[in-house]
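Colleague: Before we start, here is the structure in question, set down as structure tokens.
The values are calculated or read from the model by the stated rules, or taken from the named source; none is laboratory data. Note that the structure is predicted; figures quoted are calculated from it, not measured. Using ideal geometry, Cβ is built from the backbone for each residue, glycine included, and neighbour counts are taken over all protein chains shown. In case anyone asks, the SASA skips ligands and DNA or RNA and just uses the protein heavy atoms, side chains included. Shrake-Rupley method; radii C 1.70, N 1.55, O 1.52, S 1.80 Å.
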Amino acid sequence: EPGPAVPQGLLRAARKSGQLNLSGRSLGEVPQHVWRINLDTPEEAHQNLSFGAADRWWEQVDLTKLILASNKLQCLSEDVRLLPALTVLDVHDNQLTSLPAALGHLENLQKLDVSHNKLKTIPEELMKLTRLKSLLLHHNELSYLPEGFGQLVNLEELDLSHNHLTDIPTSFALLIHLVRLNVAYNQLRSLPADISAMKSLRQLDCTKNYLETVPSELASMVSLEQLYLRKNKLRHLPEFPSCKLLKELHAGENQIENLNSENLKHLNCLSVLELRDNKIKSLPDEITVLQKLERLDLANNDISRLPYTLGNLPQLKFLALEGNPLRAIRRDLLQKGTQELLKYLRSKIQDDVASPNEEPPATAMTLPSESRINMHAITSLKLLEYSEKQAAVIPDEVFNAVRSYPVTTVNFSKNQLSEIPARIVELKDSVDDVNLGFNKLSSISLELCTLHKLTHLDIRNNFLTSLPEEMEALTRLQIINLSFNRFKVFPSVLYHLLALETVLLSNNQVGSIDALKLQKMDKLGTLDLQNNDLLQVPPELGNCETLRTLLLEGNPFRTPRAAVLAKGTAAVLEYLRSRIPA
């Protein structure tokens with residue numbers, strides 16, 4: 001349906017101003033008289049032939065700016081070609097799945113915004129718009145671009161972020177007037193070396209792609225000032241010998257392990273260096289070549305010591321170091337802010353000269369507690385891990401580190417826990433996967449029963465003999481691993497957890513199971529009862545139709561015999577059904 005018509009008053013004003021804004025009018029299509037605004041005699045001319053000079057329609061201005069944003073348009077008519085004077089066309093935030101070939105006729109177009117639509121392709125005809133300066137295509141469903149993209153030689157701004165692009169046409173090299181290029185949130189595995197020819201490019205955003213390296217040619221981009229490489233797969237920082245103007249380099253959330261002095265020595269204009277959430281082990285002393293550095297973010301890396309020369313950076317106003325295993329710097333000092341820290345580092349330069357190469361005494365300085373806690377895992381992987389520490393209790397600092405981060409996975413396995421930490425209840429609104437395997441738990445606490453989002457629970461290799469009925473509250477539980485505990489009966493609460501898909505109970509002392517209750521567990525696909533004390537297998541188990549994997553080896557029952565078990569689950573279930581008394 002076309003939706004509400006466009007008021008005549010708006011059209012009249014548009015004939016005078018050359019601009020028409022129809023945004024947010026719930027239009028399902030653009031009314032024909034909008035496309036024909038410069039062709040048809042206006043309606044008022046027919047009704048009133050004595051209108052004054054102000055309304056002389058023959059003196060109308062051609063429409064140069066048309067805004068159709070935030071409507072419900074699913075397509076644009078080929079009639080768009082009837083507005084050849086357009087310099088700005090804005091159709092962002094609609095439901096367009098394609099663009100009309102007729103766009104190619106709008107040879108005066110300088111700005112085209114088709115962002116936030118559902119475009120899967122760009123018509124080749126668009127490549128004729130050689131006057132285009134700004135092309136906004138972000139938040140669409142583009143998986144490739146026309147090879148002729150380089151024909152848009154006057155482009156200054158191009159936003160392709162939030163699409164499905166896997167590569168960039170080499171013809172991008174021809175876009176020598178491009179100032180801002182955004183390809184963030186795509187699926188790029190590499191950048192073509194050719195883009196180094198973009199000699200006007202000042203801002204390049206490649207955030208959240210799959211880049212493992214950056215072409216060395218990028219280093220010759222003479223105008224580049226801001227480079228965003230966050231959330232990729234980089235293992236080291238690229239070298240930028242010719243990027244004399246580079247002011248901001250953002251490379252957080254990668255896998256960078258070391259910074260060498262080569263990487264740094266060309267970055268003497270850099271004012272922002274952001275490397276948080278990487279795996280950097282140390283900072284080279286040459287960091288002092290970055291004389292213009294104002295912000296340095298190294299949070300959540302593996303840095304254990306700082307070069308004291310860091311204190312000599314004259315412009316540094318912000319230094320982030322939290323989440324590093326810093327040995328020689330007290331926690332309270334880190335919390336006092338950048339200036340105090342720099343003052344401390346400067347004071348140590350003198351001592352350093354006096355006794356070089358001497359490790360700072362580990363005793364005098366307390367460990368910053370976060371050093372034992374992987375903050376990167378908490379913030380990026382949403383994982384709280386404190387495993388293989390032989391700990392009898394989980395230290396409070398582990399829970400304190402979570403703050404308000406939405407942790408989804410908890411791993412406290414391979415410790416000496418005799419009870420479940422009560423503070424686990426603090427994670428109840430986010431955690432869905434808990435591993436408490438290989439501890440000394442003899443009971444399940446009520447705190448665990450409050451984790452209402454839990455889907456996976458691993459408590460293998462403990463001393464459990466029963467599960468509390470309160471576990472009935474874990475209505476989303478899909479997988480539970482209770483292997484290598486001390487259960488003598490199948491825990492009755494499991495029969496009530498109807499979302500369960502996998503129950504692993506091997507290597508216990510379970511003597512019996514209730515087949516009729518198991519039948520009601522209609523999602524159950526895997527049941528592992530190997531190495532238990534089952535003296536018999538109830539034939540009704542054969543009616544558990546959802547079971548795909550039933551493991552019964554290593555029990556003392558006589559039937560079904562080993563030869564039947566060896567044939568697999570379907571054969572075992574069929575055998576059991578044949579034994580049900582008529």
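Colleague: Using helices alone, what [θ] at 222 nm do you get for the chain, with -39,500 (n - 2.57) per DSSP H run of 4 or more residues, divided over all residues and rounded to the nearest 500? Mind dumping the intermediate values first?
Modeller: Values: 10 runs with 71 residues, N = 582.
Here the helix-only value at 222 nm equals -3000 deg cm²/dmol.
Colleague: Could I ask something else about it? Quick one: net charge of residue 463's neighbours, Cβ under 12 Å, K/R +1, D/E -1?
Modeller: Working: positive: 440, 460, 486; negative: 419.
For residues surrounding residue 463, the net value is +2.
Colleague: Would you mind counting up the charge near residue 546? Only other residues with Cβ under 10 Å from its Cβ, with Lys and Arg at +1 and Asp and Glu at -1. Display every interim value, and only then the final one.
Modeller: Working: positive: 523, 548; negative: 501, 522, 545.
Summing Lys and Arg as +1 and Asp and Glu as -1 gives -1.
Colleague: Please give the length that would be gained between residue 121 and residue 331 if that part of the chain were fully extended, namely 0.36 nm times their separation in residues minus their C-alpha to C-alpha distance (nm, one decimal).
Modeller: 70.2 nm
Colleague: Between residue 509 and residue 164, what length comes free when the chain is fully extended (0.36 nm per residue of separation minus the Cα-Cα distance, one decimal in nm)?
Modeller: Numbers: separation 345, 0.36 × 345 = 124.20 nm, distance 5.30 nm.
Residue separation times 0.36 nm, minus the Cα-Cα distance, leaves 118.9 nm.
Colleague: Leaving out ligands and nucleic acids, note down the accessible area per residue over the chain with a 1.4 angstrom probe, in whole Å².
Modeller: Here the per-residue accessible area is 47 Å².
Colleague: Taking H placed 1.01 Å from N in the peptide plane, check which residues at least 5 places from residue 487 or on another chain put their amide H under 5 Å from its amide H.
Modeller: Those qualifying (amide H under 5 Å, at least 5 residues apart or on another chain) are 509.
Colleague: Report the convex hull volume per residue for the chain, counting only C-alpha atoms, in Å³.
Modeller: Numbers: hull volume 139.0 nm³, N = 582.
Enclosed volume per residue, from the Cα hull, is 239 Å³.
Colleague: In addition: What lysines does residue 389 reach when the alpha-carbon gap must be under 25 Å and sequence neighbours fewer than 8 apart in one chain are set aside?
Modeller: Cα-Cα hits under 25 Å: 279, 281, 414, 428, 440.
Colleague: May I pose another question? If you roll a 1.4 angstrom probe over the protein chains with everything in place, what fraction of the accessible area of segment 375-578 belongs to carbon and sulfur, to the nearest %?
Modeller: Details: 4680 of 9500 Å².
Exposed carbon and sulfur together represent 49 percent of the surface.
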